[in-house]
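Step one of this worksheet: look at the structure below.
The values are calculated or read from the model by the stated rules, or taken from the named source; none is laboratory data. Because the structure is predicted, anything quoted here is derived from the model rather than measured. Neighbour counts run over all protein chains shown; Cβ positions are idealised from the backbone, glycine included. Each accessible area value is taken on the protein alone, full model and side chains, heavy atoms only, with ligands, DNA and RNA left out. Shrake-Rupley method; radii C 1.70, N 1.55, O 1.52, S 1.80 Å.
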Amino acid sequence: MGLQLDRVVPWGRSFSEYRRMFALTDEDLQRSILDCAGGPASFNAELTPLGGRVVSCDPIYAFSAREIRDRIDRTFPEIVEGVKGNLEKYVWTPEIPTPEALGRVRMQAMERFLQDFPAGLGDRYRVAELPHLPFAGGEFDLALCSHLLFTYSDLLSLEFHLEAIAELLRVAREVRIFPLLNLAGERSPWCDRVLGTLKGMGNATEIVTVDYEFQTGGDQNLVIKK
């Protein structure tokens, strides 16, 4: 059975947030990039007009823009209310000072995605999901994975994490994963075990502190190179 849309909670982040989450330099943005589990983020929609080479993949892309929009409209109020009930778990800044402001920022990113999605479907937006991706070995210079691995540690096993990261390393020369926290705002129980396994296989790993923190303590990404 394929993905059921009523089990998805779409929540998109912007190009500027991606730059900060993954510490993307101008040189990074000139590389061929895979945004894996991109969801309704606007990273692809904003980078492509700047000359970027990016492919986003996600199982949600099997649905139409209208279907994704309808799902966003249904889940959006619930997410914002959930944030209001857990204010202490987040870092509030002049850029995003309140849950309402957070909602506006996220909705702007998702609207940008929805406008771009139909034109890029099948090319820049591909229906695919970990741990098996329909791309050639080494097809990308850099793979980004936002708010999937480690985030959903309660649903995705250690074995899934290891298999997914191996697949990302198959299709890209470098992988960056953000954040290292789970949904409860705690460091993922899989993080250290993943690091140990990767190092044992001869991969270079580095935990990088970045200029982005929305979840309290969520200001690190994991960089992996073959």
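Name the single residue that is farthest from Pro59 (Cα to Cα) among those in the stretch 86-121 being among the hydroxyl-bearing types (Ser, Thr, Tyr) and more than 19 Å from the chain's Cα centre (by Cα).
Taking the stretch 86-121 as the starting set, the residues that turn out to be among the hydroxyl-bearing types (Ser, Thr, Tyr) are 90, 93, 98.
From the residues that got through so far, the ones that are more than 19 Å from the chain's Cα centre (by Cα) too are 93, 98.
Numbers: Thr93: 33, Thr98: 31 Å.
Restricting to residues being among the hydroxyl-bearing types (Ser, Thr, Tyr) and more than 19 Å from the chain's Cα centre (by Cα), the top hit is Thr93.
Go through the stretch 61-180 and tell me which helices (runs of 4 or more DSSP H), entirely inside it, have 3 or more residues that are without any contact (Cβ under 8 Å) to a residue 12 or more places away in the chain and open to solvent by 60 Å² or more (accessible area, probe 1.4 Å).
Working: elements: 65-84, 99-120, 158-171.
Correct list: 65-84.
It is to be established whether one or more residues within the stretch 44-55 are modelled with pLDDT of 95 or more, of a type in the set (D, E, K, R), surrounded by 18 or more Cβ atoms within 10 Å (Cβ to Cβ) and assigned to a helix (DSSP H, G or I). Before the answer, list the steps.
Taking the stretch 44-55 as the starting set, the residues that turn out to be modelled with pLDDT of 95 or more are 44-55.
Now drop any that are not of a type in the set (D, E, K, R), which leaves 46, 53.
Still in the running and surrounded by 18 or more Cβ atoms within 10 Å (Cβ to Cβ): 46.
Right, trim to assigned to a helix (DSSP H, G or I) and you get 46.
Yes, there is a match, as at least one residue in the stretch 44-55 is modelled with pLDDT of 95 or more, of a type in the set (D, E, K, R), surrounded by 18 or more Cβ atoms within 10 Å (Cβ to Cβ) and assigned to a helix (DSSP H, G or I).
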Could you list all residues from the stretch 195-208 that are open to solvent by less than 50 Å² (accessible area, probe 1.4 Å) and within 18 Å of the chain's Cα centre (by Cα)?
Val208
Residue, farthest from Gly12 (Cα to Cα), within the stretch 181-197, restricted to residues that are in contact with a helix residue (DSSP H, G or I) (Cβ under 7 Å, 6 or more places away or on another chain) and without any contact (Cβ under 8 Å) to a residue 60 or more places away in the chain:
Thr197
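With the structure loaded, tell me whether Arg124 is at pLDDT 95 or above, basic (Lys, Arg) and over 15 Å from the mean Cα position of the chain (by Cα) or whether it fails that test. If you could, list the steps in order and put the result at the bottom.
Working: at pLDDT 95 or above: yes; basic (Lys, Arg): yes; over 15 Å from the mean Cα position of the chain (by Cα): yes.
Criteria met by Arg124.
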Only one of Asp26, Asp70, Asp35, Asp6 is of a type in the set (Asp, Glu), farther than 15 Å from Val105 by Cα and touching a strand residue (DSSP E or B) at 6+ places or on another chain (Cβ under 8 Å); which?
Asp35
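Looking only at the stretch 1-21, count every residue that is of a type in the set (Phe, Trp, Tyr), modelled with pLDDT of 95 or more and surrounded by fewer than 24 Cβ atoms within 10 Å (Cβ to Cβ) and tell me the total. Before you say what the answer is, go through the steps one by one.
In the first step, residues of the stretch 1-21 are kept if they are of a type in the set (Phe, Trp, Tyr); the result is 11, 15, 18.
Going one step further and asking which of them are modelled with pLDDT of 95 or more, we end up with 15, 18.
Narrowing further to those that are surrounded by fewer than 24 Cβ atoms within 10 Å (Cβ to Cβ): 15.
Total satisfying the criteria: 1.
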